[in-house]
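> Can you read through this structure? Questions will come right after.
The values are calculated or read from the model by the stated rules, or taken from the named source; none is laboratory data. In this text the structure is predicted, and so the values were computed from the model without any measurement. A quick note on method: Cβ atoms are made from the backbone with ideal geometry, for glycine too, and the neighbour counts reach across all protein chains shown.
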Amino acid sequence: MTPKAQNAARAAALQQAPLNAWIALSDDETKIVAEGHSYQEVADQLDRMGNESAVVVKTPPSWDLLSV
């Protein structure tokens, strides 16, 4: 997958993610593989799946423009 296609897939996955939640993305960051209200809930799901390479992040309350 080209970097441009991977970025597009990552953006599409994040747009489908629930707001203000913890999510786990596949190791290539193109699919949501687990989600929950707490980090521990997501970590437990990943443990049950045997997935040790997922990327766990917290989504913002809204997708407003963020300044960095």
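> Tally time: how many residues in the range 1-31 are of a type outside the set (A, V, I, L, M), more than 8 Å from the chain's Cα centre (by Cα) and either assigned to a helix (DSSP H, G or I) or within 19 Å of ASN51 (Cα to Cα) (or both)? Let's see the steps before the verdict.
Of the range 1-31, the ones of a type outside the set (A, V, I, L, M) are 2-4, 6-7, 10, 15-16, 18, 20, 22, 26-31.
With the extra rule that they be more than 8 Å from the chain's Cα centre (by Cα), the set shrinks to 2-4, 6-7, 10, 15-16, 18, 20, 27-28, 30.
Checking which are either assigned to a helix (DSSP H, G or I) or within 19 Å of ASN51 (Cα to Cα) (or both) leaves us with 3-4, 6-7, 10, 15-16, 27-28, 30.
Within the range 1-31, residues that are of a type outside the set (A, V, I, L, M), more than 8 Å from the chain's Cα centre (by Cα) and either assigned to a helix (DSSP H, G or I) or within 19 Å of ASN51 (Cα to Cα) (or both) number 10.
> Here are the criteria: (1) at positive phi; (2) out of contact with any helix residue (DSSP H, G or I) (no Cβ under 8 Å at 6 or more places or on another chain). Tell me which single one ASP27 does not satisfy.
Tallying (1) at positive phi; (2) out of contact with any helix residue (DSSP H, G or I) (no Cβ under 8 Å at 6 or more places or on another chain), ASP27 fails exactly one: (1).
> Cβ contacts < 9 Å: first residue more than 15 Å from GLU35 (Cβ to Cβ) and surrounded by 16 or more Cβ atoms within 10 Å (Cβ to Cβ), restricted to the range 8-22; second residue modelled with pLDDT of 90 or more and among the charged types (D, E, K, R), any location; separation 6+ or different chain. Result?
Close Cβ pairs satisfying both conditions: ALA9/ASP28; ALA9/GLU29; ALA9/LYS31; ARG10/ASP28; ARG10/GLU29.
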